[in-house]
Structure formats: C-alpha cells, structure tokens
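The structure under discussion appears below in the form of structure tokens.
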Amino acid sequence: MLHDLISAVKGIGGDMFVGKEDFRFEVSNDLGFLHPSEFAIIHKILSIGTHYKKITNFCNTYDIVRINTDKKYRCGLYLSSLASALHKTARSFHTTVVELEYRLLSDPHLPLSELLLTLQ
C-alpha cells in the first residue's frame, strides 16, 4: 500500500489510489481495512500529491525555458519566471520523494506518520 501511496504522490494512479480529472487522488472504496486515523493521514499525503501535480502542470504550461521555442509564448516574463522557480522547487520535492521511496524499500515497516512528516 505504501508504494502505491508514494506513486500517487508522484502523480501516478493505481488500484488503491484512483486519479481524478482535477489532479486529485482518492482512496479506492474497496479499502475497508483502514483505521480512520490512517485514512486521515493518507488524505493529507494525497493532498500534498495533488498540489505537486498542479504545480508541475503549471510549470509545464508556462515555463518558456522548457517549452519548445517554435510554439507561441503563452505568458509573460513574470509568469515564466514564477514557473521556472516553482519547477526547481518541484524538482527538490521529487528528489525527496525518491529518497523516501528508497527508505521504504530499506524499511518496509515505515509508518504513515513518517511519510507525512517527510513530505510536509
């Protein structure tokens, strides 16, 4: 379950965490074995993943450094600068998620609260 949760944080849906159209992820209704506190922590982690997905979508849309130069510019300099700065922040978040995934492979009994603390 934790591997699927980390995949959802990176924006990849699965059987346990279903992706919606507005970049949100929801817990599948088939999971009846979760305690309400675990369910609350999972929702907080999924909301962090939703924010990450929205930020990366914004960066992919407005960062003119990453956009093909043959296309028309979609924005001005300020919006492009914001997208570029957010892209660097999102890259460091992605690095944190990869390190967290490595820690999860090393310790399969990593608690949900540690995942949440690391991602926050």
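The values are calculated or read from the model by the stated rules, or taken from the named source; none is laboratory data. Please read these numbers as outputs of a predicted model, since none were measured by experiment. Surface accessibility is based on the protein's heavy atoms, side chains included, excluding ligands, DNA and RNA. Shrake-Rupley method; radii C 1.70, N 1.55, O 1.52, S 1.80 Å.
Provide the per-residue ³J(HN,Hα) series for segment 78-95, in order, calculated from phi with Karplus coefficients 6.51, -1.76, 1.60 and θ = phi - 60°, each as a whole number of Hz, with x at glycine and proline positions.
5, 5, 5, 5, 4, 4, 5, 5, 5, 5, 5, 5, 5, 5, 5, 5, 4, 4
Round to the nearest 10 and report in Å² the accessible area of residue 61, as given by a 1.4 Å probe over the protein chains' heavy atoms.
40 Å²
What does the extension gain come out to for residue 34 and residue 95, with contour length at 0.36 nm per residue minus their alpha carbon separation? Write down the numbers at each step before the final one.
Numbers: separation 61, 0.36 × 61 = 21.96 nm, distance 2.84 nm.
Additional length available on full extension: 19.1 nm.
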